[in-house]
Amino acid sequence: MKEWWVQVGLLSVPLLAVYLHIPPPKLSPALLSWRSSGGYFTYKGQNIFYRDSTGAVGSSDIVLLLHGFPTSSYDWYKVWEGLTQRFHRVIALDFVGFGFSDKPRPHRYSIFEQASIVEGLVHHLGLRHQRINLLSHDYGDTVAQELLHRYEHNKTGSILINSLCLSNGGIFPETHYPRFIQKILKDGGLLSPVITRLMNFFLFSRGLGAVFGPYTQPSQAEYWDMWTVVRTNDGNLVVDSILQYINQRKKHRDRWVGALMSTSVPLHLIYGPLDPVNPHPEFLQLYNSVIVPPARKEGWKAAMSWLLHWCVGQPQCKFRPALTLLLLWSQTTQRHQ
């Protein structure tokens, strides 16, 4: 019996070592190129990665891209060229805890901090007095809502928002249905750190694939890029802390939904109806009843049509089927001052 326990103990030592020190995958050439094309600025001691490209000649428009959970600014790489053909400046960042930015732990991650980081980037780039167009997705939608609230209330340091285009995200807590693993991680207590350690590519790709539509499934290489970015700087170990944003959405619902309801900023929505986290028609019905007054509904238009039509018209664009469907289903609203 004693010899059996010794054998188990000897076997456990290397397994525990692997469990604690699994190295992240190497960056793909695409990720290396993305990182080398960007830079860093410092916000309260944290290094924040961003990309800033100069685009269309003759345009003074600036667009700032806010990515979703659990990925990074690399989400935008397929539309980056199209955006530079429309905007003079195209800017994206990795929020703290994401992508190539620092991922401190322990750390109290919050939407408020991420909004302040966006403001810090705008100031760092000398754009404090420039009007900014925001394009956001998922987690980035909530950051955009906080930025909108600050702008509408003339908060010191707030950025000047020219327009806001939201895409699929949990802007309404009551129509947001997190995945099972998200619920466990955000409320798992002592169990959460164990789960984040055990997270691997198979579980990650399977879970993330469930929220993509049938026409937009990433390739295996793209899944590996997303997983590699998560693992960079041990990002998998802070996922449970970042997921507190779901609870923050509920707590600050009136502040962030109220910002959308009262804003005079031109507001747009791109919505893919196959979203299992913000499902159709529940999400869209609430959006139309709460955000868009009936008297201001102008029927179907294509918000951000310059982006969607650009890709649909490109034979080499992998997302042509998905974007064609999105053009048919998109619910677009615009509100003017």
Looking at the structure I just gave you, is Ser205 closer than 19 Å to Pro281 by Cα and either open to solvent by 30 Å² or more (accessible area, probe 1.4 Å) or not aliphatic (A, V, I, L, M) (or both)? no
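Find the helices (runs of 4 or more DSSP H) located wholly in the range 191-240 whose residues include 2 or more that are touching an Asp or Glu at 6+ places or on another chain (Cβ under 7 Å) and not aromatic (Phe, Trp, Tyr), and list them.
Details: elements: 191-198, 201-209, 220-231.
It comes to 191-198.
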Could you check the range 255-277 and list, in sequence order, the residues that are surrounded by 14 or more Cβ atoms within 10 Å (Cβ to Cβ), at pLDDT below 95 and in a loop (DSSP other than H, G, I, E, B)? Thr263, Val265, Pro266, Tyr271, Gly272, Pro273, Leu274, Asp275
Within the range 100-128, track down each residue that is open to solvent by 40 Å² or more (accessible area, probe 1.4 Å) and among the polar types (S, T, N, Q). none
Is it true that some residue in the range 99-111 is more than 30 Å from Leu203 (Cβ to Cβ) and in contact with a Lys or Arg (Cβ under 7 Å, 6 or more places away or on another chain)? no
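Looking at Ser37, Ser28, Ser33, Ser72, which is the one that is surrounded by fewer than 19 Cβ atoms within 10 Å (Cβ to Cβ), small (Gly, Ala, Ser) and touching a strand residue (DSSP E or B) at 6+ places or on another chain (Cβ under 9 Å)?
On the way: Ser28 fails: touching a strand residue (DSSP E or B) at 6+ places or on another chain (Cβ under 9 Å); Ser33 fails: touching a strand residue (DSSP E or B) at 6+ places or on another chain (Cβ under 9 Å); Ser72 fails: surrounded by fewer than 19 Cβ atoms within 10 Å (Cβ to Cβ).
Unique residue meeting the criteria: Ser37.
Open to solvent by 20 Å² or more (accessible area, probe 1.4 Å), at pLDDT 90 or above and either of a type in the set (D, E, K, R) or outside any loop (DSSP other than H, G, I, E, B) (or both) - does that describe any residue in the range 289-302? Before you say what the answer is, go through the steps one by one.
Start the filter on the range 289-302 by keeping residues that are open to solvent by 20 Å² or more (accessible area, probe 1.4 Å), which leaves 289-290, 293-302.
Filter once more, keeping what is at pLDDT 90 or above: 289-290.
Then drop every residue that is not either of a type in the set (D, E, K, R) or outside any loop (DSSP other than H, G, I, E, B) (or both), which leaves 289-290.
For the range 289-302, residues open to solvent by 20 Å² or more (accessible area, probe 1.4 Å), at pLDDT 90 or above and either of a type in the set (D, E, K, R) or outside any loop (DSSP other than H, G, I, E, B) (or both): present.
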Of all residues in the range 46-69, which are over 19 Å from the mean Cα position of the chain (by Cα) and open to solvent by 60 Å² or more (accessible area, probe 1.4 Å)? Thr54, Val57, Gly58, Ser60
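Test Leu191 against the criterion of being of a type outside the set (Phe, Trp, Tyr), more than 18 Å from the chain's Cα centre (by Cα) and more than 27 Å from Gln220 (Cβ to Cβ), and give yes or no. So that I can check it myself, show each step before the final result.
Values: of a type outside the set (Phe, Trp, Tyr): yes; more than 18 Å from the chain's Cα centre (by Cα): yes; more than 27 Å from Gln220 (Cβ to Cβ): yes.
Yes: the conditions hold for Leu191.
Is there a residue being surrounded by fewer than 15 Cβ atoms within 10 Å (Cβ to Cβ) and more than 25 Å from His280 (Cα to Cα) anywhere in the range 139-152? Spell out how you get there, then give the answer.
Restricting attention to the range 139-152, the residues satisfying the condition of being surrounded by fewer than 15 Cβ atoms within 10 Å (Cβ to Cβ) are none.
No; the residues of the range 139-152 include none that is surrounded by fewer than 15 Cβ atoms within 10 Å (Cβ to Cβ) and more than 25 Å from His280 (Cα to Cα).
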Residues of the range 102-117 satisfying the condition of being among the charged types (D, E, K, R) and either at pLDDT 95 or above or within 17 Å of Tyr50 (Cα to Cα) (or both): Asp102, Lys103, Arg108, Glu113
Considering only residues that are touching a residue at least 60 places away in the same chain (Cβ under 8 Å) and open to solvent by 40 Å² or more (accessible area, probe 1.4 Å), which ones fall in the range 184-199? Arg197, Leu198
Arg249 fails exactly one of the following numbered conditions: (1) assigned to a helix (DSSP H, G or I); (2) farther than 18 Å from Leu164 by Cβ; (3) under 16 Å from the mean Cα position of the chain (by Cα). What is the number of that condition? (2)
For the range 90-99, does any single residue satisfy the condition of being open to solvent by less than 30 Å² (accessible area, probe 1.4 Å), of a type in the set (Asp, Glu) and over 17 Å from Trp224 (Cβ atoms)? yes
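The values are calculated or read from the model by the stated rules, or taken from the named source; none is laboratory data. Please read all numbers here as calculations on a predicted model, not as lab measurements. Ideal geometry is used to build each Cβ from the backbone, glycine not excepted, and the neighbour counts take in all protein chains shown. The protein model used for the area step is the full one, side chains on, heavy atoms only, and it has no ligands, DNA or RNA in it. Shrake-Rupley method; radii C 1.70, N 1.55, O 1.52, S 1.80 Å.
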